[in-house]
Amino acid sequence: MLIIISPAKTLDMAPQEITENFGEPDFLKEAKTLIKELKKFKPHQLSELMNISPKLADLNFRRIQDWNIPFNTENAKQALLAFKGDVYTGIDADTFSLEDFNFVQDHLRILSGLYGVLRPLDLIRAYRLEMGVKFKTNKWKNLYNFWGNKITQQIQNDINRQEDQLLINLASSEYFKSIDQKNLKAKIITPEFKDMKNDEYKMISFYAKRARGMMTRFIVKNKITKPDQLLLFDSGGYYFNTTLSKKDHPVFTRG
């Protein structure tokens, strides 16, 4: 079983004392290519490209200019511990044990606009580059075009190392689009999370993101490797809803 999730816009690059283990992203060469192009942008151009405020544009301009290789624990941080936001609040990796980190390193991958595919303990430098941003050059029309089939191939390689051909998709649609489903030899299960609103169950983005993180944590803490075990998920008040669920799309509801 391999799980995929999205990255987060918010980062915490402060030093951590949770684990000394770390690795290097597989696609640093590609990340360096993207950074080289981004270094040509001025703050106001980044603001327009990424649809962010001038203050955030200035911050990310500095991050881009400071980005360089090699990575080490002084200038970078493990991805799972660096990313913050709703999904990562649900994961709460700061409380993981060594056994949890060993499991999550084997069974979780983070999709990224800049780094392609990250293992949880891969070191990253601070950045902001969403997969869906309209970042084009004379060599590529967007990031989906830039990455081509590299992300799909890497995910397939990681799936092949598992005991089964099973992918648990807990990523947003923006990031999941970077994977070519037709050329992926795996069964894909996409859990959905819905809350009661106005007398009907609806997907509410804020809660759904956190629930994706909680399910990731549920899998890690319980060392789940079988799809039917996912249906036991009951964190945050969610429970499996037989009525709303469809094949390979289990729905969890609350309220």
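The values are calculated or read from the model by the stated rules, or taken from the named source; none is laboratory data. All values derive from a computational prediction rather than experimental measurement. Ideal geometry is used to build each Cβ from the backbone, glycine not excepted, and the neighbour counts take in all protein chains shown. Accessible surface is based on the protein model in full, side chains and every heavy atom, while ligands, DNA and RNA are left aside. Shrake-Rupley method; radii C 1.70, N 1.55, O 1.52, S 1.80 Å.
For Leu118, Leu56, give the ranking by accessible area with the largest first, probe 1.4 Å.
Leu56, Leu118
Less than 20 Å apart at the alpha-carbon level, and either on another chain or at least 8 residues along: which aspartates and glutamates does that give for Lys134?
Glu30, Glu37, Glu48, Asp58, Glu174, Asp180
Please compute the per residue accessible area over the chain with all protein chains in place, 1.4 Å probe, rounded to a whole number of Å².
51
Which one, Gly213, Gly237, Gly23, has the greatest fluctuation when you compute a Gaussian network model over the chain with C-alpha springs under 10 angstrom?
Among Gly213, Gly237, Gly23, the largest GNM mean-square fluctuation belongs to Gly237.
Have a look at Met203, Met214, Met131 and tell me which one the Gaussian network model of the chain (Cα, springs below 10 Å) gives the largest fluctuation.
With Cα springs under 10 Å in the chain, the top fluctuation among Met203, Met214, Met131 is at Met203.
Regarding segment 37-167, what are the three Cα extents along the principal axes, ordered largest first, in Å?
Cα extents, longest axis first: 46, 32, 29 Å.
Leaving out ligands, DNA and RNA but keeping every protein chain, what accessible area does Thr152 have, in Å² rounded to the nearest 10, with a 1.4 Å probe?
For Thr152, solvent-accessible area is about 10 Å².
Can you give the translational diffusion coefficient of segment 149-197 in µm²/s, computed by Stokes-Einstein from the Kirkwood radius over Cα pairs at 4 °C and 1.567 mPa s?
Estimated via Stokes-Einstein, D reaches 110 µm²/s.
Sorting Glu17, Glu48, Glu37, Glu192 by accessible area (1.4 Å probe), largest first, what list results?
So, going from the largest accessible area down, we get Glu17, Glu48, Glu192, Glu37.
Calculate the spin-label point distance for Thr190 paired with Val133, positioning each point 7 Å from the Cα along the beta-carbon direction, and give it in nanometres.
About 2.5 nm, to one decimal.
Give me the extension gain from Lys246 to Met203: residue separation times 0.36 nm, minus the current Cα-Cα distance, reported in nm with one decimal.
In short, 13.9 nm is gained.
Each residue of segment 82-98 in order: what ³J(HN,Hα) in whole Hz does its phi give by Karplus 6.51 cos²θ - 1.76 cosθ + 1.60, θ = phi - 60°, with x for Gly and Pro?
7, 5, 10, x, 4, 4, 6, 5, x, 6, 6, 5, 4, 9, 5, 8, 4
Restricting to the chain, compute how many DSSP beta bridges are antiparallel as a %, nearest 5.
In the chain, approximately 45 percent of DSSP beta bridges are antiparallel ones.
Grab the other residues whose beta carbon is less than 9 angstrom from that of Met50, score K and R as +1, D and E as -1, and report the net.
In short, -1.
Restricted to Cα positions, what overall size does segment 166-255 have along the principal axes? Three whole-Å values, descending.
Per principal axis, max minus min of the Cα coordinates gives 40, 28, 23 Å.
Which aspartates and glutamates, on any chain, are close to Lys221 with Cα under 19 Å apart, when same-chain ones fewer than 8 places away are left out?
In chain and number order, the partners are Asp86, Asp92, Asp94, Glu99, Asp100, Asp106, Glu163, Asp234.
Using only the heavy atoms of the protein chains and a 1.4 Å probe, how would Lys194, Lys136 rank by accessible area, largest first?
Correct descending sequence by accessible area is Lys136, Lys194.
For the chain, what are Rg and Dmax over the alpha carbons, in angstrom?
Just the Cα atoms of the chain yield Rg and Dmax of 18.3, 53 Å.
Going down the list Lys177/Lys209; Lys32/Lys209; Lys36/Lys150, which pairs span over 22 Å between their C-alpha atoms?
With Cα atoms farther than 22 Å apart: Lys32/Lys209.
If each DSSP helix of 4+ residues adds -39,500 (n - 2.57) and the sum is divided by the residues in the chain, what number results at 222 nm, nearest 500 deg cm²/dmol?
-10000 deg cm²/dmol
Specify whether the C-alpha gyration tensor of segment 112-228 places it in the rounded, prolate or oblate class, a ≥ b ≥ c being the square roots of the eigenvalues: rounded for a/c under 1.5, otherwise prolate if a/b is larger than b/c and oblate if not.
It comes out oblate by the Cα gyration axes.
With the cut-off at 1.5 for a/c, could you classify segment 98-139 from its C-alpha gyration tensor as rounded, prolate or oblate?
prolate
What accessible area, in Å² to the nearest ten, does a 1.4 Å probe give for Tyr239?
Accessible surface of Tyr239 is approximately 130 Å².
Starting from the exponent 0.38 and prefactor 2.2 Å, build the expected Rg for segment 1-85 from its residue count and divide its actual Cα Rg by it.
That works out to 1.20 for segment 1-85.
Keeping the other protein chains in place, figure out the carbon and sulfur percent of the accessible area of the chain, with a 1.4 Å probe.
The C+S portion of the solvent-accessible surface of the chain is 47 percent.
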